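A quick write-up on the structure given underneath.
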Amino acid sequence: MMTEAVPQSHPGQPPARTEGVLASAGAPAAAPSASGPARSPGPPHVRTGAPPSTGSSAPDTGAPRNRREEILDGAAEMFAEHGYHGSSLRDISSHIGLSHSGMLHHFESKDALLDGVIDRLEEHAQAALDRVPEFSTDRRSLLRGLTEVWHPASLPIRLMATLDAESVSEDLHGRYRMARLRRVHEHVLESCFSSFAAQGLLRENTEPAFAGRALLAVVLNLAVREKTVRPLQHRTDDDNPLNDLAMQVDAFLIEEPPARHRTDLRR
């Protein structure tokens, strides 16, 4: 079980990295990025009950931080919809109703903005890590996790699917951070299936690591489907993505759940 937190960014420091978490998850060593050699893992973040750092160097007066968060909200939406390469700083500033110079006041480049967006995805991954004991108790708890953390139509998952696909390009800033994020999510789901295996609930010859990778792959695939196939379908089409995820989970479990549980995820 992993207990380390995703390192957070602090004013004046480079963006947070996930090496500490991924070392526990069994991820490969860091590879050099386009912006320079990979950094060694820092000490784990100690939770103090305070909100996670936004990485802003502005004093904590409320307004500057709110504007920074507003920019990150808009950037996340644009990157999820159009991709990193398909969204310019001017596109993002126009999307949120901010001047280009105002955008540059908070983020000096699009790479810096992407770092801030990935910081948020790391926080999302950390939340999943923290809830491993909750999601690994039984089938219903995992289905709840798929609804609350891995919903294919949610912004973090749509954003992760888009940036994950763009990461096949070696010139994408942050591509190694995205690879590590995928590995964290795979590890969380693997941990859940490992717990099911210990309880005798996993089908014979099913590897928890494979089940975790396969389930995350379906999550990301459905995130794409929700933006491509879904808009072309009729309202009467009954292929709810959460039902697809429930059936994928059931494919790895020994017992077929009662039919009434098929609609659990719609509630």
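The values are calculated or read from the model by the stated rules, or taken from the named source; none is laboratory data. Please read these numbers as outputs of a predicted model, since none were measured by experiment. Virtual Cβ from ideal backbone geometry, glycine too; neighbours counted across all protein chains shown. For the accessible areas, the whole protein counts, side chains as well, though only heavy atoms, and no ligand, DNA or RNA atoms are used. Shrake-Rupley method; radii C 1.70, N 1.55, O 1.52, S 1.80 Å.
Check region 104-121 and report whether any residue there is part of a loop (DSSP other than H, G, I, E, B) and touching a residue at least 24 places away in the same chain (Cβ under 8 Å). First the steps, then the outcome.
Here is the first cut: in region 104-121, the ones part of a loop (DSSP other than H, G, I, E, B) are 107-109.
From what is left, the residues that are touching a residue at least 24 places away in the same chain (Cβ under 8 Å) are 107.
Among the residues of region 104-121, at least one is part of a loop (DSSP other than H, G, I, E, B) and touching a residue at least 24 places away in the same chain (Cβ under 8 Å), which makes the answer yes.
Looking at SER169, is it at pLDDT below 95 and of a type in the set (S, T, N, Q)?
Yes, satisfied.
Do we find that HIS173 is within 21 Å of the chain's Cα centre (by Cα) and surrounded by 15 or more Cβ atoms within 10 Å (Cβ to Cβ) in this structure?
Criteria met by HIS173.
Could we say that LEU104 is at pLDDT below 95 and farther than 20 Å from LEU245 by Cα here?
Values: at pLDDT below 95: yes; farther than 20 Å from LEU245 by Cα: yes.
Here the answer is yes, as LEU104 does meet what is asked.
Quick check: anything in region 207-230 surrounded by fewer than 18 Cβ atoms within 10 Å (Cβ to Cβ), at pLDDT 95 or above, not in a helix (DSSP H, G or I) and not small (Gly, Ala, Ser)?
yes
Residues in region 75-88: is at least one at pLDDT 95 or above, open to solvent by less than 10 Å² (accessible area, probe 1.4 Å) and of a type in the set (Phe, Trp, Tyr)?
yes
Can you confirm whether region 140-155 contains a residue that is in a helix (DSSP H, G or I) and either at positive phi or touching a Pro at 6+ places or on another chain (Cβ under 8 Å) (or both)?
no
Do we have any residue at all in region 132-150 that's closer than 16 Å to HIS85 by Cβ and without any contact (Cβ under 8 Å) to a residue 60 or more places away in the chain?
no
Kindly provide the set of residues from region 121-160 that are over 27 Å from ARG230 (Cα atoms) and open to solvent by 50 Å² or more (accessible area, probe 1.4 Å), ordered by number.
Selection gives GLU123, ASP130, ARG131, PRO133, GLU134, THR137, ASP138.
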